[in-house]
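Only one structure is covered here, and it is reproduced in the block below.
The values are calculated or read from the model by the stated rules, or taken from the named source; none is laboratory data. Quantities reported herein were computed from a predicted structural model and do not represent experimental measurements. Heads up, the Cβs are rebuilt from the backbone with ideal geometry, glycines too, and the neighbour counts pull from every protein chain shown. Side chains included, ligands, DNA and RNA excluded: accessible areas come from the protein's heavy atoms. Shrake-Rupley method; radii C 1.70, N 1.55, O 1.52, S 1.80 Å.
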Amino acid sequence: KGVQFTVGENKNIQQLSRSGVDVLLRPASYRNGELVIPTSLTNQSTESVVLVEVDVTVYNPQGRELANQQSKIWTSVKRMAETYFRPKTQEKGKPIVVKVPEAKEYFIKTEIIEVEHW
């Protein structure tokens with residue numbers, strides 16, 4: 001299911017969970033022709049995570065699809081333990097950046113499509 005949100009509004013957009021990882025989509029902004037959605041992650045699992053990827057589809061308020069893309073919001077360097085997303089911790093993820101026409105409101109459907117543990 002998706003959610004509608006207003007750009008610049010100071011409230012989180014959506015929370016997603018998969019394989020022990022929670023992803024929070026933070027308040028969005030619009031810069032240089034792109035919708036920017038900061039992310040934060042919580043690793044509830046007992047294993048380190050090396051990859052979190054989401055599928056994002058952005059629509060206008062009338063329901064017309066504007067963009068669809070996959071975004072890797074967490075990537076670790078394999079065999080570099082200091083880059084791993086440790087169990088029971090919170091981290092700031094990479095922002096989701098989508099090139100769409102500027103609007104005040106959008107409708108977004110987001111799904112975690114991959115969580116890779118190490």
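The residue that is surrounded by the most Cβ atoms within 10 Å (Cβ to Cβ), among those in the range 24-47 that are in contact with a Gly (Cβ under 7 Å, 6 or more places away or on another chain) and closer than 14 Å to THR89 by Cβ, is ASN43.
Within the range 95-110, can you find the residues that are more than 18 Å from VAL23 (Cα to Cα), of a type outside the set (Phe, Trp, Tyr) and either open to solvent by less than 70 Å² (accessible area, probe 1.4 Å) or assigned to a strand (DSSP E or B) (or both)? Show your work before the answer.
Let us first name the residues in the range 95-110 that are more than 18 Å from VAL23 (Cα to Cα), namely 99-106.
The next check asks that each one be of a type outside the set (Phe, Trp, Tyr); those that pass are 99-105.
Of everything in the range 95-110, those that are more than 18 Å from VAL23 (Cα to Cα), of a type outside the set (Phe, Trp, Tyr) and either open to solvent by less than 70 Å² (accessible area, probe 1.4 Å) or assigned to a strand (DSSP E or B) (or both) turn out to be LYS99, VAL100, ALA103, GLU105.
Please verify whether ARG18 is of a type in the set (Lys, Arg), farther than 21 Å from GLU82 by Cα and free of Cβ contacts under 8 Å to residues at least 24 places away in the same chain, treating the condition exactly as stated. No; evaluated as a whole, the condition is false for this residue.
Would you please name the residue that is farthest from LYS99 (Cα to Cα), looking only at residues in the range 69-81 that are modelled with pLDDT of 95 or more and open to solvent by less than 80 Å² (accessible area, probe 1.4 Å)? Steps first, answer last, please.
Step one: list which residues in the range 69-81 are modelled with pLDDT of 95 or more, which gives 69-76.
From what's left, open to solvent by less than 80 Å² (accessible area, probe 1.4 Å): 69, 71, 73-76.
Numbers: GLN69: 10, SER71: 13, ILE73: 16, TRP74: 20, THR75: 22, SER76: 25 Å.
So the residue we want is SER76.
Residues of the range 82-94 that are modelled with pLDDT of 95 or more and either touching a helix residue (DSSP H, G or I) at 6+ places or on another chain (Cβ under 8 Å) or surrounded by fewer than 17 Cβ atoms within 10 Å (Cβ to Cβ) (or both): ARG86, PRO87, LYS88, THR89, GLN90, GLU91, LYS92, LYS94. Of all the criteria given as (1) more than 17 Å from ILE13 (Cα to Cα); (2) modelled with pLDDT under 95, the one not satisfied by PRO61 is (1). Of the listed requirements (1) more than 18 Å from PHE5 (Cα to Cα); (2) open to solvent by less than 50 Å² (accessible area, probe 1.4 Å); (3) modelled with pLDDT of 95 or more, ILE113 misses just one: (2). Scanning the range 48-68 for residues that are hydroxyl-bearing (Ser, Thr, Tyr) and not in a loop (DSSP other than H, G, I, E, B), we see that the one that is surrounded by the fewest Cβ atoms within 10 Å (Cβ to Cβ) is THR57. When the range 44-86 is filtered for residues that are in contact (Cβ under 8 Å) with a residue 40 or more places away in the chain and among the β-branched types (Val, Ile, Thr), the ones remaining, listed by number, are THR46, VAL49, VAL50, VAL52, VAL54, VAL56, THR57, VAL58, ILE73.
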